[in-house]
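Derivation of every value follows stated rules applied to the coordinates shown; laboratory data play no part. Everything numeric in this text was worked out from a predicted model, so none of it was measured. In this analysis, Cβ positions are derived from the backbone assuming ideal geometry, glycine residues included, and neighbour counts consider all displayed protein chains.
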Amino acid sequence: MYAKVIVDVPTGGTDRPFDYYLPEALAENASKGMRVLVPFGQRKLTGFIVDIVSETKLEKVKSVSELLDLTPVLNNELLRLGEWLATETICFQITAFQSMIPAAMRAKAMKKLSLLSKREKLPMNVQALFGQADEVDWAQVPADARLLRDIRNEAEQGHLTMKYALKDQAKHRKVKAVVIQRYETPPATEKQKQALLFMAEQYGEGELVAIQILMKQAAISRSVVNTLIKNDYLQEKEIVIDRNPYTDAEEDGNEEKATLTSDQTDVLAKVKKNITQSQATPMLLHGVTGSGKTEIYLQAIDQLMEAGKEAIVLVPEISLTPQMVERFKKRFGANVAVLHSALSVGERFDEWKKIQEKRVQVAVGARSAVFAPFTNLGLIVIDEEHESSYKQEEYPRYHAREVALWRSRYHDCPVVLGSATPSMESYARAAKGVYELLSLPERVNQKPLPDIELVDMRLEMREGNRSVFSTSLLEKLRDRLKKGEQSVLFLNRRGFSTFVMCRNCGYVGMCPHCEISLTYHQRDGQLKCHYCGHEERLYERCPSCESAHIRYFGTGTQRVEEELQQLLPEARIIRMDNDTTRKKGAHERLLKNFGAGEADILLGTQMIAKGLDFPNITLAGILAADTLLHLPDFRAQERTFQLLTQVSGRAGRDEKAGEVVIQTYNPEHYAIQLAQSHDYLSFFKKELGQRKQAGYPPYYYLTLITFAHPNYATAMKAGEHAGRVLRSNLGEDAIVLGPTPSPIARIKDRYRCQCMVKYKDEPALTELLRELFTYFQKEIQQDQRFITIDRHPNMF
Ligand code: ADP
Ligand code: ZN
Ligand code: ZN
């Protein structure tokens, strides 16, 4: 037998499977979709078996060295999806396959292991290590090599796939447990007898029970257990249990269902109908914030679970997950797997395993959860479908929405796209009848949407207010403090970057490698480049004119917090930004504290805009609505409208009415005006007109091709070549722009230029892009990525 293997070749000169002989011992267990270790040149590399055949055209083939899995990590559906993904997004198949499995199983994790074993002078070949493991004196082994021993334990328990991959074993919860070893002679004391009897009655022979649990249940002390172990009545063992990242969330799984409103009932009926009739219908659920969309997902899933089907729920990467996850855990208990980037590599592996082994029927997660290896999908939900984080900004550059639609056709199940502010693309499809449009125009319990006040910051300035806070916002904050109600304040980080400028000569601190200003970080007094990580100390004198009048400008969350604290000394403030949420679980904890009323004001960046659902928030403030408006992005208006709507949705979700203050320098802009009047439909129409005029989605599709090289002329030459090829091969409707220097013309010492293709229907384009990709891939040297192709780019 021969295996056709897609090999993990780093620079990927080619994208076809290689034939390898399958030795008899391996052939028995091998199947499509398993990972293997194969010889490739001088090295051994990992790869995926995509087919097993009985003959090969080649005269000489090498043999597969090892199978890395006992069961396939990619089933037939995912193998096909990977092929499609590679074709559509223009990348290598190996890249697509790797992105569909947990990080712990990817080649990188394996490399880490072999590095470790080299350093510890342990056998390189993992197989050998496992063979000889008993000969290793573990006491002699340095601390971090204990990882290897843990991996061995793991393997002994049958989790064979983990042996190569798990790097954060420490997070694995180990629990001491006992099992009955001998029962005949009664133990010495009454307490001991009682404990043993309890064990025998409750657990019988051969069943392990965690010591902590035994102590609690039999009401005995640890010393009783220890004596029983010492006298060989009980045998002590260590068991490894799944790391459960959500120990705090109640997992009772019996939360009451809400009685639905009549709008909700209608929507749910339509969703259920498509589920039971196995209709691969995309549905767009347009529902204002707080209209009960999530409740509909929960009830639809509840029903399909009874029919033995499975569901994927995608939520945006940032924010919201703690509360969202809690809701799912409360409803479905342990029947939910959570896939989120805040989890450790090992935790994510455990969650993935639950899906693969059919221990759960629901997966809730960010973008990549769309690859959850379910085999009987009944529904895919994409909540906040307009979110830009559903698009992956590295290879494979896929959009989770498109992958979901592909899988829905494969499984004949519906997709629900939910949003209060649907993307222009999705709403246009719904308006054309391509998607079924469902709507929830009112909040649950008919709560009115909050009143929104627009504050013209230019007037504030003229009246002498230099503060970030307008008089009106400050007054409202004071009022909330008095009443013991809570406020959220939103600051868009991107518009408030803190750059360093010389007041004498106008010099601005720039990154020496990228065309971008450096950002001042007060915490460590460093200037940092957010693109390449370059750091330097804050200057005391201007590097250009030596003036001492050089200082940082702009306002970061930290500065705003300080100012706010000065203005309102009695306010308790929680700040949420990248700095305060870096630690694992910090995000969750801060929200919890705020929810528990431990602060009056929550001040934060993008991450607080979504999903917050606290009854006591009655005021939401947006400090500078226009910062997004001026980005060089055709979606700037759309993003502004979405953001303002979302932040507004945080206020007055419960009994008390909410109020919103939007501070802006452009109070007459339509995105801001229409957000103020909660008028999505008018915004959609107005924006659609703009898009049509400018030739952007949803009227045209876009493909962005970027070339990067240390030499400017080389990058431009490549762009010219691509431009020529595209112009001479595409139809008349296609518009090819460029090459032009990219908006950020240099990153990490590489000059960047780009071509943009605007098109409506170009069946030949995919093929053409593939040819360009292959052509330029040959020129990659030393990791200098030369060409990047982005179908349907987020921003440029
Ligand atoms: P959305 O996802 O549209 O923002 P949610 O599903 O989160 O809305 O609902 C908002 C709030 O209303 C939640 O606290 C939810 O528990 C509650 N809720 C939803 N549906 C109902 C209902 N039919 N009756 C009472 N409360 C409801
Ligand atoms: Zn200067
Ligand atoms: Zn840089």
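In the range 39-74, which GluC sites (Glu not before Pro) are in a loop and have at most 15 other Cβ atoms within 10 Å, using DSSP for the loop call? Kindly include the intermediate steps, with their values, before the conclusion.
Numbers: sites: Glu55, Glu59, Glu66; in loops: Glu55, Glu59.
Hits after loop and neighbour filter: Glu55, Glu59.
Around Gln526, what is the net charge, scoring Lys/Arg as +1 and Asp/Glu as -1 over all other residues with Cβ under 11 Å from its Cβ?
On the way: positive: Arg523, Lys528, Arg537; negative: Asp524, Glu535, Glu536.
Residues close to Gln526 contribute a combined charge of 0.
Exposure proxy check: Arg359, Arg537 ranked by fewest other beta carbons within 10 Å? Write out the running numbers ahead of the final one.
Numbers: Arg359 12, Arg537 9.
Result, fewest neighbours first: Arg537, Arg359.
Below 14 Å, Cα to Cα, which aspartates and glutamates can Lys482 reach? Residues fewer than 8 away in the same chain don't count.
Partners found: Glu570, Asp600.
Can you sort Phe48, Phe773 so the residue with the fewest Cβ neighbours within 10 Å comes first? Intermediate results must be reported in sequence, preceding the final value.
Values: Phe48 29, Phe773 17.
Sorted ascending by nearby Cβ count, the order is Phe773, Phe48.
Restricting to Cα pairs below 8 Å that are 6+ residues apart, what does the relative contact order work out to for the range 174-240? Please round to a whole percent. Can you show the working numbers first?
On the way: 84 pairs, mean separation 37.1, N = 67.
Across the range 174-240, relative contact order equals 55 percent.
Under 19 Å Cα to Cα from Lys528, which aspartates and glutamates show up? Leave out anything in the same chain fewer than 8 places away.
Glu515, Glu536, Glu540, Asp577, Asp579, Asp749
May I ask you to compute the full-extension gain from Thr774 to Lys760, defined as 0.36 nm times their residue separation minus their alpha-carbon distance, rounded to one decimal in nm? It would help to have the intermediate numbers written out before the result.
On the way: separation 14, 0.36 × 14 = 5.04 nm, distance 2.42 nm.
Computed gain between Thr774 and Lys760 is 2.6 nm.
Could you run the Karplus curve 6.51 cos²θ - 1.76 cosθ + 1.60 with θ = phi - 60° over the range 421-429 and give me ³J(HN,Hα) per residue in whole Hz, x for Gly and Pro?
Result, ordered by residue: 9, x, 4, 4, 4, 5, 5, 5, 5 Hz.
Is the range 427-538 best put as rounded, prolate or oblate by its Cα gyration tensor, with a ≥ b ≥ c the root eigenvalues, rounded for a/c under 1.5, and otherwise prolate when a/b is larger than b/c, oblate when not? Working shown, then result.
Values: a/c = 2.50, a/b = 1.42, b/c = 1.76.
Taking the square roots of the gyration eigenvalues as a ≥ b ≥ c, the range 427-538 is oblate.
Just to confirm a number: summing +1 for Lys and Arg and -1 for Asp and Glu over residues other than Cys413 whose beta-carbon lies under 11 angstrom from that of Cys413, what do you get?
Charge balance near Cys413 sits at +1.
Could you point to the residue in Val736, Tyr701, Ile747 farthest towards the positive end of the range 701-791's charge dipole, with +1 and -1 charges on the Cβ of Lys/Arg and Asp/Glu respectively?
Result: Ile747, furthest along the dipole toward the positive end.
Can you order the peptides 91-101, 687-697 by their average number of other Cβ atoms within 10 Å per residue, highest first? Show your work: numbers first, answer last.
Values: 91-101: 22.0, 687-697: 14.6.
Averaged packing, sorted descending, gives the order 91-101, 687-697.
Karplus couplings for the range 409-417 from phi (6.51 cos²θ - 1.76 cosθ + 1.60, θ = phi - 60°), rounded to Hz, Gly and Pro as x?
So the J values, rounded to whole Hz, are 6, 5, 9, 6, 10, x, 10, 10, 9.
Counting other beta carbons within 10 Å of each residue's own, what order do Val416, Val7 fall into, fewest first?
Values: Val416 31, Val7 20.
By the 10 Å Cβ count, ascending, the order reads Val7, Val416.
Taking Cα centroids, how far is the range 433-475 from the range 203-233 in Å?
61 Å
For every other residue with a beta carbon closer than 12 angstrom to the beta carbon of Gly738, add +1 if it is Lys or Arg and -1 if Asp or Glu, then tell me the sum.
Values: positive: Arg724, Arg727, Arg752, Lys758; negative: Glu720.
That sum, taken over residues with Cβ under 12 Å, equals +3.
List the pairs from Lys44/Lys353; Lys4/Lys353; Lys216/Lys257 whose alpha-carbon separation is above 29 Å, in the order I gave them. Write down the numbers at each step before the final one.
Details: Lys44/Lys353 26 Å; Lys4/Lys353 25 Å; Lys216/Lys257 33 Å.
Exceeds cut-off: Lys216/Lys257.
To make sure I understand the rule: partners must be aspartates and glutamates, Cα under 15 Å from the Cα of Lys656, and not fewer than 8 residues away in the same chain. Which ones qualify?
Qualifying aspartates and glutamates at Cα under 15 Å: Asp451, Asp479, Glu485, Asp613.
Across the range 277-285, in residue order, what do the Karplus-derived ³J(HN,Hα) couplings come to in whole Hz, using 6.51 cos²θ - 1.76 cosθ + 1.60 with θ = phi - 60° and x for Gly and Pro?
My calculation for the range 277-285 gives 8, 6, 9, 7, 9, x, 10, 9, 9 Hz in order.
Given +1 on the Cβ of Lys and Arg, -1 on the Cβ of Asp and Glu, and no further charges, what dipole in debye does the range 682-796 carry about its Cα centre, rounded to the nearest 20?
Values: 17 positive and 12 negative charges, 77 e Å.
Dipole magnitude for the range 682-796 comes out near 380 debye.
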